[in-house]
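These notes concern the structure reproduced below.
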Amino acid sequence: MPQTKILLDESDIPTHWYNVVADMPNKPAPPLGPDGKPIGPEALAPIFPMALIEQEVSAERWIPIPEPVREAYRLYRPSPMFRARRLEQMLGTPAHIYYKYEGVSPAGSHKVNTSIAQAYYNAQAGIHRLATETGAGQWGSSLALAGQMFGIDVRVFMVKVSYDQKPFRRSMMHTWGAEVFASPSPHTATGRRALEVDPDSPGSLGMAISEAVEEAASRPDTNYALGSVLNHVCHHQTIIGQEAKKQFEKVGEYPDVVIACCGGGSNFAGAAFPFLADKAAGDPKAKNLRLVAAEPTSCPTLTRGHYAYDFGDSVGLTPLMLMYTLGHDFMPPSIHAGGLRYHGDSPLVSQLYHEKLIEAVAVPQLATFEAGVAFARTEGIIPAPESCHAIRACIDEAMQCKASGEPKVLFFNLSGHGHFDMASYDKYFSGQLEDYAYPAAAIDEALHHLPKVG
């Protein structure tokens, strides 16, 4: 009988990050400049260190993890994996449900896996200041922590609706020495223009990215750090799936379905890409493996977006990337309590979805909180609202197993805890949250403004 808690030793922390590009049937499309022509690594040099640029364009299957980064990982890795027996019992499903718990990191989420790496490489390049954006605050707090580890000052532009909803995430960032501003802010030209148009703007990740990129591009002492979307960020997160594979070996099982929530895509990439490698290698265990990205119906990038070149930010400061997008001027609804509000998605995740190598589902807000509460009451951990999307999708799969009698092995990534998200749970319990499906007309309008390239 498989054990409930599956642990690894420090020696099991991966020594390399996995790069899915090496195993993709078709190589990724290049990013484009404003003129619609492919850009080279030099275009990224003003805001990224060369080591990360090399990872961004790499096609090597394995990228060595520097020892100082692995040493920092030892604070919380390897993260535990659990068999959710009480949840299985409550559902009455024959499925075996496993989850990997990334909430054990000091910042409480998986984001630390890449913030440590990015802070290290910037410190090696002589950078002492980083600008970034954050939605719900997991990324901002993770980079603030990593900045302290490697002697880097951090300035965070936090999406205004989350800035107001999640004050204790701000407190975490301040505790680790970061400056935090509500975005749109008066500190950048981008923010000032947005406030002139709408002084009460709730903000968006695209807007916050624009402010952070502007800050980095306008100061020679500052680089930019991104918590999702880009290739190198996805690579860094693959330590999650690599550890999970070792943990499944210890209990003699292998997943039929791998699930993770998906906003910008790095969480999903980290959990799913190492299993996709098994499928690409023709491993018999992975023959019927399904990889499922779970996103909100209020920001349905993969399931209702358009596969096209678009800017990664709201005003067009970033290169154009081929991805699923709702349009760079997409403004997500303030009611959504999770951080999965980005208008686009990782180009790697987008291409794999476009080529039907992975799946995506969109789940409504109330159902995600219902799933999160059920998980908390059976397994004891209060999940972050983002993670509740993966739990919802996993429970739906488990109920299909119950209906069919098929005992599948289901695995999801519990990307973080919800200890700083209790105001959202309070709104759920008091009936203040509601389901919201983003209107088709609004999506069509946003897509109408896509850059005319490619």
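What follows is calculated from the coordinates using simple rules that are stated; it is not laboratory data. Treat the numbers as computed from the prediction; the structure is a model and nothing was measured. Cβ coordinates were reconstructed from backbone atoms using ideal geometry, including for glycine residues, and neighbour counts include every protein chain displayed.
Within the range 253-320, all pairs of alpha-carbon atoms sorted by distance into 5 Å bins from zero give the percentages 3, 15, 18, 19, 17, 13, 8, 4, 2, 0.
Using C-alpha pairs under 8 Å with a sequence gap of at least 6, the mean separation divided by the residue count of the range 23-161 gives a relative contact order of 17 percent. Per the Cα gyration tensor, the chain maps to an equivalent ellipsoid with semi-axes of 31, 25, 22 Å, ordered largest to smallest.
Computed from the C-beta positions of TRP62 and SER171 and an R0 of 35 Å, the FRET efficiency is 0.35 to the nearest 0.05. If you wrap the tightest convex hull around every Cα atom of the range 83-208 and split its volume per residue, you get 142 Å³. Binning the C-alpha pair distances of the range 165-212 at 10 Å intervals from 0 yields a P(r) profile of 27, 48, 24, 1 %, listed from the shortest bin outward. So the label point goes 7 Å from the Cα of LYS285 along Cα→C-beta, right? Which residues of the range 229-270 then have their backbone N under 12 Å from it? Residues 242-256 qualify, since their backbone N sits under 12 Å from the label point. Divide the volume of the convex hull around the Cα atoms of the range 38-87 by the residue count and you get 180 Å³ per residue. When the alpha-carbon atoms of the range 335-454 are used, the pair Rg, Dmax equals 16.7, 50 angstrom.
Taking Cα atoms only, the orientation of helix 138-150 departs from the longest principal axis of the chain by about 70 degrees.
In the range 199-327, the ratio of gyration radius to Kirkwood radius, Rg to Rh, stands at 1.06 when only Cα atoms are counted. Relative to a virtual label point 7 Å from the Cα of MET90 in the Cα→beta-carbon direction, which members of the range 362-383 show backbone nitrogen distances below 20 Å? 363-383, by backbone N distance to the label point. Loop-located trypsin sites (Lys or Arg not before Pro) in the range 398-454 (DSSP state not H, G, I, E or B) with no more than 13 neighbouring Cβ atoms inside 10 Å: LYS452.
Stretching the chain fully between LEU195 and ALA29 yields a gain of 56.3 nm (0.36 nm per residue, less the alpha carbon separation). Pairs spanning more than 32 Å between alpha-carbon atoms, out of LYS111/LYS287; LYS250/LYS279; LYS111/LYS160; LYS166/LYS285: LYS166/LYS285.
When peptides 340-350, 386-396 are sorted by average Cβ neighbour count within 10 Å, with the highest value leading, the order is 386-396, 340-350. Add +1 for every Lys or Arg and -1 for every Asp or Glu among the other residues with Cβ under 14 Å from the Cβ of GLY263, and state the total. Cβ neighbours under 14 Å give a net charge of -2. Radius of gyration (Cα atoms) of the range 1-139, expressed as a multiple of 2.2 N^0.38 Å: 1.34. Taking Cβ atoms as reference points and 15 Å as the exclusive limit, the residues near LEU7 contribute a net charge of +2, counting Lys and Arg as +1 and Asp and Glu as -1.
How much net charge surrounds PHE375 when only other residues with a Cβ under 11 Å from its Cβ are counted (Lys, Arg +1; Asp, Glu -1)?
Counting the neighbours of PHE375, the net charge comes to +1.
For the range 33-61, backbone nitrogen atoms closer than 11 Å to the point 7 Å from ALA125 Cα along Cα-to-C-beta are found at 42-56.
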